[in-house]
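The values are calculated or read from the model by the stated rules, or taken from the named source; none is laboratory data. This one's a predicted model, so the numbers in the text were calculated from it and none came from an experiment. Neighbour counts are summed over all protein chains in view; Cβ atoms, including those assigned to glycine, are modelled from backbone coordinates with ideal geometry. The accessibility values were calculated without ligands, DNA or RNA, using every heavy atom of the protein model including side chains. Shrake-Rupley method; radii C 1.70, N 1.55, O 1.52, S 1.80 Å.
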Amino acid sequence: DGLIYRGKRLVNWDPATRTALSDDEVEMEEVAGHMWYLRYPLTDGSGHVTVATTRPETMHGDTAGAVNPNDPRADVLVGQTVALPIVGREIPIVADDYVVMADPDSSDTKAQYATGFLKVTPAHDPNDWEIGLRHDLPVINVMGPDGGISDQYGWEDISDEARALVGLSREDARAAVVEW
């Protein structure tokens, strides 16, 4: 009946019990965090885009950068590529309505901290998964079952600099990416 299929899917993974959890077993809660701003250089050498993220350690799985199609910068940037820092992977800039436009005066907290650009990591975020489906983006998993950085689950283009992160916990990898 087409109800069962095999393919890559994003799941709720618990690294403590090393098992997938169904959506109804997950209780989402907002927690205080920190926002980091990462520069992704345009491959044509004309500048960079800055993404805001709470999870810099997942950047190695980025397969696109995104901008809201209503953003005035979209006309110039969509279709260009950026070089993913540390890894060096060339990834496209796509336009997607999900991207929050920057507005420091907004009552929306996301808009207050946004840069107008989003790093798209389909293997590690449900919203990015949906963006990836809409834009037919590759899915690169950079984490192992323990939640640490791994090259065993789909990450193949590891640069020498990125190799130093393999085996680190996600917390240690976050600190190393921020320090880099």
| field | Boolean, Thr121 is in contact (Cβ under 8 Å) with a residue 60 or more places away in the chain, surrounded by fewer than 21 Cβ atoms within 10 Å (Cβ to Cβ) and not aromatic (Phe, Trp, Tyr) | value | no
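Name the residue, out of Val87, Val166, Val67, that is touching a strand residue (DSSP E or B) at 6+ places or on another chain (Cβ under 9 Å) and closer than 19 Å to Leu38 by Cα.
Being touching a strand residue (DSSP E or B) at 6+ places or on another chain (Cβ under 9 Å) and closer than 19 Å to Leu38 by Cα holds for just one of Val87, Val166, Val67, which is Val67.
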| query | What number of residues in the stretch 96-118 are out of contact with any Leu (no Cβ under 7 Å at 6 or more places or on another chain), open to solvent by less than 30 Å² (accessible area, probe 1.4 Å) and within 18 Å of Arg39 (Cα to Cα)? | reply | 4
| query | So Ile131 fits all but one of (1) modelled with pLDDT under 95; (2) part of a helix (DSSP H, G or I); (3) among the β-branched types (Val, Ile, Thr); what number is the exception? | reply | (1)
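Among what's in the stretch 17-36 and is open to solvent by less than 100 Å² (accessible area, probe 1.4 Å) and without any contact (Cβ under 8 Å) to a residue 24 or more places away in the chain, pick the residue that is farthest from Glu57 (Cα to Cα).
So, considering only residues that are open to solvent by less than 100 Å² (accessible area, probe 1.4 Å) and without any contact (Cβ under 8 Å) to a residue 24 or more places away in the chain, the one farthest from Glu57 (Cα to Cα) is Ser22.
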| Exactly one of (1) in contact (Cβ under 8 Å) with a residue 60 or more places away in the chain; (2) out of contact with any strand residue (DSSP E or B) (no Cβ under 7 Å at 6 or more places or on another chain); (3) not aromatic (Phe, Trp, Tyr) is unmet by Met59. Its number? | (2)
